[in-house]
1. Tell me, yes or no, whether the range 165-172 has at least one residue that is in contact with a Lys or Arg (Cβ under 7 Å, 6 or more places away or on another chain) and within 23 Å of C231 (Cα to Cα).
2. Checking S62 against (1) of a type in the set (G, A, S); (2) open to solvent by 40 Å² or more (accessible area, probe 1.4 Å); (3) part of a loop (DSSP other than H, G, I, E, B): exactly one of these is not met. Which one?
3. Could you tell me whether S76 is surrounded by 15 or more Cβ atoms within 10 Å (Cβ to Cβ), on the phi < 0 side of the Ramachandran plot and part of a loop (DSSP other than H, G, I, E, B)?
4. Just the residues that are of a type in the set (S, T, N, Q) and touching a Pro at 6+ places or on another chain (Cβ under 7 Å), please, taken from the range 50-94.
5. Can you tell me which residue in the range 192-237 is farthest from H20 (Cα to Cα), limited to those that are in contact with a helix residue (DSSP H, G or I) (Cβ under 8 Å, 6 or more places away or on another chain) and acidic (D, E)?
6. Among the hydroxyl-bearing types (S, T, Y) and out of contact with any helix residue (DSSP H, G or I) (no Cβ under 8 Å at 6 or more places or on another chain) - does that describe any residue in the range 89-98?
7. Would you say R87 is under 30 Å from V186 (Cα atoms) and without any contact (Cβ under 8 Å) to a residue 60 or more places away in the chain?
Amino acid sequence: MLHELFNQVNVPHGRPLLVHARLRHLHRRTGIGYGELTDNLLQCLLDCNPSHLLVPAYTIYSFYLSRIFHREYSHSEVGRFSEELRRRGFKRTFDPMYSMLDITNSLPDGLNYKRTFGRQSVCDFLCRNGGIVINVDMPGFYSTPVHAVELEHRVPYRHVMELSGQMQKENDGWQQISYTTYIRAVDRHGSGSFPPYNQRRRIAFLRERNIITEWKNQVGHLAWASLDNFCTAIDQALSDDPFFLVDP
């Protein structure tokens, strides 16, 4: 059934893919276990022959609160698909807040994992290399590089912050690091950020401008967009209204 969704939207081959996926409702609708759903979705993505395949394994709130990140053992905060893949041992970038699972083990050396956005970051790499964002059954259209566009516009609800903490990978010792992030205000329990994003307004805007290609069936919803087109559209929207993406 997931293959049917991918067959309908014709994701371009040979491009870097960034995948935001939600399995919970797919599991409820189909009765298929999370492990099998993960296998099926991963195969659909690999069938696109991506030059790079990246799945977020973010630890934004845990690092913000504890200032500790372990590349192998820190749990992903962004859904079951990500966590299922993390447990399978796919290579994870050494970024304490915005780590990615590098499924094809193809990210180049020399990327800067001590800052979320900016030159030589993963998001910068995706934008400069024709990246595509895929959303699988997400409640809106999610794309982490949207925050890089917000940074360019210096939106009033996000701010740059320097965080000191510790990271560890494999059996190496703990490494003291200083990390530059760009975040909204976080509640004291680390359970959310504010102001909230208005996903309905965002996806309506993207549909109106034909930025996203999408298909929906009885199982779920699939959408993709070129980062070039996506970031250009969001740039225009923020030029008109710096609060376009959020409910202030």
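1. no
2. Here S62 meets the rest and fails (3).
3. Values: surrounded by 15 or more Cβ atoms within 10 Å (Cβ to Cβ): yes; on the phi < 0 side of the Ramachandran plot: yes; part of a loop (DSSP other than H, G, I, E, B): yes.
Yes; evaluated as a whole, the condition is true for this residue.
4. Initial filter on the range 50-94 (of a type in the set (S, T, N, Q)): 51, 59, 62, 66, 74, 76, 82, 93.
If the condition is that a residue be of a type in the set (S, T, N, Q) and touching a Pro at 6+ places or on another chain (Cβ under 7 Å), then S51, T59, S82 are the ones that fit.
5. D235
6. Here is the first cut: in the range 89-98, the ones among the hydroxyl-bearing types (S, T, Y) are 93, 98.
In the following step, the residues that additionally are out of contact with any helix residue (DSSP H, G or I) (no Cβ under 8 Å at 6 or more places or on another chain) were identified as none.
No, every residue in the range 89-98 fails to be among the hydroxyl-bearing types (S, T, Y) and out of contact with any helix residue (DSSP H, G or I) (no Cβ under 8 Å at 6 or more places or on another chain).
7. Values: under 30 Å from V186 (Cα atoms): yes; without any contact (Cβ under 8 Å) to a residue 60 or more places away in the chain: yes.
The answer is yes for R87.
Conditions tested, residue by residue: (1) among the hydroxyl-bearing types (S, T, Y); (2) in contact with an Asp or Glu (Cβ under 7 Å, 6 or more places away or on another chain); (3) closer than 30 Å to L26 by Cα.
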site: Y98; (1), (2), (3): yes, no, yes
site: L107; (1), (2), (3): no, no, yes
site: N112; (1), (2), (3): no, no, no
site: N129; (1), (2), (3): no, no, no
site: I132; (1), (2), (3): no, no, yes
site: P145; (1), (2), (3): no, no, yes
site: H153; (1), (2), (3): no, no, no
site: T181; (1), (2), (3): yes, no, no
site: H189; (1), (2), (3): no, no, yes
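The values are calculated or read from the model by the stated rules, or taken from the named source; none is laboratory data. Note that the structure is predicted; figures quoted are calculated from it, not measured. A quick note on method: Cβ atoms are made from the backbone with ideal geometry, for glycine too, and the neighbour counts reach across all protein chains shown. The protein model used for the area step is the full one, side chains on, heavy atoms only, and it has no ligands, DNA or RNA in it. Shrake-Rupley method; radii C 1.70, N 1.55, O 1.52, S 1.80 Å.
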